[in-house]
Amino acid sequence: MASLDLINIHKSFGATHVLHDISIGLTDGEFLVLVGPSGCGKSTLMNIIAGLEEPSGGLVRLAGKDITQAGPADRNISMVFQSYALYPNMTVAKNIEFPLQMRKVDKAIRAERVKSVARLLQIEHLLERKPRQLSGGQRQRVAIGRALAREPQLYLFDEPLSNLDAQLRLDMRTEIKKLHQRLGATIVYVTHDQIEAMTLATRIAVMKGGVLQQLGTPHEVYNRPANMFVAGFMGSPRMNLAKAMLTGTGTGTGDALALDIQIGDRPRATIALPPQPAALRAYAGKEVIAGIRAEAICLAPAAGVPAGGQHCLVDARIEVIEPTGADTLVVLNLGGHEFTARLEPDLALKPGQDARFMVDLSKLVCFDPATEQLIA
Amino acid sequence: MDKNNKPLAASRLALYAVLVFLALLFLMPVYVMAVNSLKPLDEIRNGNLLALPQLWTSEPWTTAWSTAQIGVQPTGLKPYFINSFLIVVPAVVLSALIGALNGYILTQFKFRGSNALFAAMLFSVFIPYQVVLIPMAKTLGFLGLAGTISGLVFVNVVYGIGFTTLFFRNYYAAFPQELVRSARMDGAGFFGVLFRILLPSSGPMIVVTVIWQFTNIWNEFLFGASFSDYSSFPLTVALNNLVNSSTGVKEYNVHFAGAFIAAIPTLVVYMVSGKYFVRGLMAGSVKG
């Protein structure tokens, strides 16, 4: 296991820039998830770490050693591919043994390693089969087994779950997380699925258009998204983003700020804010984009607003109700703008009805409408 | 149901009749060769070519194989049969290996001009044999291979590379890239990837290449006639000499037997691996 440092990585194919100045540092045992929409450069970045592509500029360091120019075989990194990439002409045992054989590991040690990996992944009964005789989940296990057998310094996973059906995907996700906890391995994992990213990562790197948008823990990325793209990309349902006028003078800490939300001639909704940091106070009198997660909105409790001053009450019309089983998503109209709220299941609400909601303002984030960056 | 079936059955019957007739027509030369190679020469002179032998004999076969006068010595086709094998086997193996290597490089290492290089190699497929005769004779003389079996192996390998490269390049273009990447990360080197991953997965394409090259080189006449001498004649040239000898009586039964002997190896290759041939051609056609 080892640390990994990506320093100012650039990549361009001719005139097209695929990666712009990416710098990420990983400490030993971290689970980094690279996430972003397709074409964001995450797979290219992974190929650069693997040595399958050369960066146009920048450095890759593994355990402090510069490996930018090293070939893929000389890096002590193993990779699990999206298509599993099992060698069709070899049995499962031979597949797992292959990287060891290529590294001229002693035969007795190879056999021992194959056995222990097979035991760990519960594929001992499959060792003599050919890949085409395996199901998708079994192939996935074998591919992970082949990566484990070498005991590399770094594991790469390239969308390993995207070819599996929904149920199996959840199972394998848990299994990969268990494996990480058990091995304490350093892992870089590429996915376009933000739920996978949230559940697996110790840190998430959100990418778009070859630019690193945010690098942070799942908690940071979810609760303090660096910009509107991250806010919209992470989380399901998406974060509610609404254009609002920040009213007040913003001259002192005691000065009361409020958000006015109004589209067209719909009745204006006003949300009084608790004291805000100076960065936001500077926007007083200007427009901002207010962001609030669906679960930060709930029905107003009968007992009234809890003490602490971070909550406010708003009245809104319910437009759509979407029960999902575990909870109910309610689309409500506030000042002409639609907000999604995640409420408890089994509510006696009807579309078209007016209701009073409570918003947890400690979860409120505001973005600059021009730069789309977080105001903080 | 019955009413509907009757006209259908009649047309079916007509179709089959035509097909059987055409098949018989197609097989006629084989039949003529077979029956006449098993007759004494007198029967051929007196009777008609289509009749079955009255006196069955295997003597034309033994004569053609071991005693017919072809070169200076009455050796039969045997030494030339062996010559052909000595030419075909190394030429097929070498051209297939080089084709696989070329296909591997052209698909897995996208270097500048790789497509242009492939187009140029593809063009070699269309060069007529006659054009290369004189330059090839010069080259063989320069290499000291003129008139030898090694020389013919060389010529056939060079001429076959265009085809084998085309076959393997198209097959490997459809080969999953992730497998090759995975093997490289697992530590397989340049030849490791080729011999441990690509070639073991190319069964159908190897069969296609072997059949194609085997038949072509086995039946090849012009290079054999141009670049060999008495000691290195391939079977096709020897057969021609046997049939065209200007001295003595024309022993048609021996000629038929000789032609049959020359055709047997390619027939065997087709029969053994014909079904892979079709499968392999389909496999290569998915992606180009």
Might you check whether a residue that is in a helix (DSSP H, G or I), at pLDDT 90 or above, over 18 Å from the mean Cα position of the chain (by Cα) and closer than 22 Å to B:Pro234 by Cα occurs anywhere in the stretch B:156-170?
no
Give the residue that is farthest from B:Phe191 (Cα to Cα), with candidates limited to residues of the stretch B:108-148 that are β-branched (Val, Ile, Thr) and at pLDDT below 90.
B:Val131
Criterion violated by B:Tyr230 - all others in (1) farther than 21 Å from B:Leu122 by Cβ; (2) crowded, with 20+ Cβ neighbours inside 10 Å; (3) among the aromatic types (Phe, Trp, Tyr) satisfied:
(2)
Taking the criterion of being buried (at least 21 other Cβ atoms within 10 Å of the Cβ), assigned to a helix (DSSP H, G or I) and away from every other protein chain (no Cβ under 14 Å), would at least one residue in the stretch A:22-36 satisfy it?
no
Residues of the stretch B:60-74 satisfying the condition of being out of contact with any helix residue (DSSP H, G or I) (no Cβ under 8 Å at 6 or more places or on another chain) and assigned to a helix (DSSP H, G or I):
B:Thr62, B:Thr67
Would you say B:Ile217 is within 14 Å of another protein chain (Cβ to nearest Cβ), among the hydrophobic types (A, V, I, L, M, F, W, C), more than 20 Å from A:Ala85 (Cα to Cα) and part of a helix (DSSP H, G or I)?
no
Per-region count, the stretch A:332-366, residues surrounded by 15 or more Cβ atoms within 10 Å (Cβ to Cβ) and under 20 Å from A:Asp265 (Cα atoms)
7
Can you go through B:Leu13, B:Leu27, B:Leu19 and tell me which one is under 28 Å from B:Gly258 (Cα atoms), part of a helix (DSSP H, G or I) and modelled with pLDDT of 85 or more?
B:Leu27
Report the residue count in the stretch A:8-21 for those that are surrounded by fewer than 17 Cβ atoms within 10 Å (Cβ to Cβ) and either at pLDDT 95 or above or not acidic (Asp, Glu) (or both).
9
I'm trying to understand the selection: among the residues of the stretch A:162-175, which are touching a Leu at 6+ places or on another chain (Cβ under 8 Å) and modelled with pLDDT of 90 or more?
A:Arg173
Among strands (runs of 3 or more DSSP E) completely within the stretch A:44-160, the ones holding 2 or more residues that are more than 13 Å from every other protein chain (Cβ to nearest Cβ), of a type outside the set (Asp, Glu) and surrounded by 19 or more Cβ atoms within 10 Å (Cβ to Cβ) are A:57-62
May I ask you to list the residues in the stretch B:244-262 that are surrounded by fewer than 16 Cβ atoms within 10 Å (Cβ to Cβ) and in a helix (DSSP H, G or I)?
B:Asn244
When you go through B:Leu194, B:Leu179, B:Leu166 one by one, which is the residue that is within 13 Å of B:Asn102 (Cα to Cα) and within 14 Å of chain A (Cβ to nearest Cβ)?
B:Leu194
Would you mind finding the one in A:Glu112, A:Glu54, A:Glu128, A:Glu97 that is in the same structural domain as A:Asp158 (by TED's automatic domain parsing) and in contact (Cβ under 8 Å) with a residue 40 or more places away in the chain?
A:Glu97
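The values are calculated or read from the model by the stated rules, or taken from the named source; none is laboratory data. In this text the structure is predicted, and so the values were computed from the model without any measurement. As a convention, Cβ positions derive from the backbone with ideal geometry for all residues, glycine included, and neighbour counts pool all protein chains shown.
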